[in-house]
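**Student:** I have a structure here, written as structure tokens, and I will follow up with some questions on it.
Throughout, read-outs are computed from the coordinates displayed, never taken from laboratory work. Since we're looking at a predicted model, the values are computed, not measured. Note: ideal-geometry Cβ built from the backbone for every residue, glycine included; neighbour counts use all protein chains shown.
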Amino acid sequence: MLAIVFAGSILVSCSGKEEEVVSDDNLMVSMISGSDGSKEVFQYDYRGRVVRWECLSGEEDNVDYKVTYAYPSEDEVVIESTSDMASIHLDDFKETLHLVDGRAAYCEGVFRSSLNLDGRSSFEKVYRVDFRYDADNHLVDIKHTEQYSENGTVIDIYYNTPWIWENHFVWEDGNLIRYDDYLGTTKVYYSTVYSYSDIVATPCVKLPLVTYGHHLPLQTAGLFGVNSRNFVSHMNKVSRHPNEVTVSIDYGGVSLENCRIKDFSTKVNYSDGRPARDISYSVDYTGS
């Protein structure tokens, strides 16, 4: 299982007290390795911007995720991602993220599903996501707009009206405490609640603050506003459908080396009663 940790310097107060920690831009995460065989690998350009991110599950029946990032201008990031399970290609994204004053304002892209595991045919959609922030630079709302397409052009079919919805985030004391995902509906579909330890990290465990997984390394770099101040200790995700399997995760086992997180662990609990999974992770850095 892939850790919910992403690129960027992971620095922590050695005392464990709530105090500011200054990030060392020369020390960025290069690899996160899990005891289950999973691995995240990061590559950066000469300016320290992520250019490639690979999430390798280590298990044949899990998804491997690969993303590349290009920077044609100071106000754009071009993102391409692919998801594969064993030899089966699942889907891919191609997107341009637009920045205003160094912060994500909106993105536009094309999503292609090559294989639908529910047995339905493959499909393509064009999408746009708009991001809104509060006065403290916290991401608080994201607005999704999607339509079916072919080769990046909206299909002119009577039922192909824009699909629009918003997701919302709640912050408290500098930390994200709840994420409400409407998943294309008018009611909350998933609600994820977070609690935190007193360890202050810049950043540490990354939360799903943005729409798609391929945004997460960019969020670490601050392109989606400020991140949660503390190291998360617990995450619980619930669905409005009581029979749907969801997970909760306990985080712990943190060890430090030169005031940086070197190791941590997770315990993944499943709502259907299957045995919990304990996974330990080690973190490597560039220049170390």
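**Student:** Taking R0 as 22 Å, what FRET efficiency do you get between SER271 and LYS94 from their Cβ-Cβ distance, rounded to the nearest 0.05? Present the calculation step by step, with values, prior to reporting the outcome.
**Tutor:** Details: r = 34 Å, r/R0 = 1.56.
After rounding, the FRET efficiency stands at 0.05.
**Student:** Considering Cα pairs under 8 angstrom that are at least six residues apart, work out the relative contact order of the stretch 223-278 and quote it in whole percent.
**Tutor:** Details: 76 pairs, mean separation 14.1, N = 56.
Here the relative contact order equals 25 percent.
**Student:** Defining a contact as two alpha carbons under 8 Å apart and six or more residues distant in sequence, what relative contact order in percent does the stretch 83-171 show? Please report the intermediate quantities before stating the final value.
**Tutor:** On the way: 169 pairs, mean separation 17.2, N = 89.
Rounded, it is 19 percent for the stretch 83-171.
**Student:** Pull out a ≥ b ≥ c, the square roots of the eigenvalues of the alpha-carbon gyration tensor of the stretch 207-288, then state rounded if a/c is under 1.5, prolate if not and a/b is larger than b/c, and oblate in the remaining case.
**Tutor:** Details: a/c = 2.56, a/b = 1.36, b/c = 1.89.
Because a/c hits 1.5 or more and a/b fails to exceed b/c, the stretch 207-288 counts as oblate.
**Student:** Which aspartates and glutamates does LYS237 reach when only Cα atoms under 15 Å apart count, and residues fewer than 8 places away in its own chain are ignored?
**Tutor:** The reachable aspartates and glutamates, counting only those whose Cα sits under 15 Å from LYS237, are ASP180, ASP181, ASP250, ASP272.
**Student:** Could you pull out every one of the aspartates and glutamates with an alpha carbon less than 14 Å from that of LYS39, ignoring same-chain neighbours closer than 8 positions?
**Tutor:** Of all the aspartates and glutamates, those that pass the test against LYS39 - Cα under 14 Å, at least 8 places apart if same chain - are GLU54, GLU59, GLU60, ASP64, ASP263, ASP284.
**Student:** Another one. For the pair SER87 and ALA105, how long in nm is the line joining their label points, each one 7 Å along Cα→Cβ?
**Tutor:** Placing both labels 7 Å along Cα→Cβ, they lie 4.7 nm apart.
**Student:** Can you list the HN-Hα couplings for the stretch 267-281, worked out from phi with the Karplus curve (6.51, -1.76, 1.60; θ = phi - 60°), rounded to whole Hz and with x for Gly and Pro?
**Tutor:** For the stretch 267-281, the Karplus curve yields 10, 9, 10, 10, 6, 8, x, 5, x, 5, 10, 9, 10, 10, 10 Hz.
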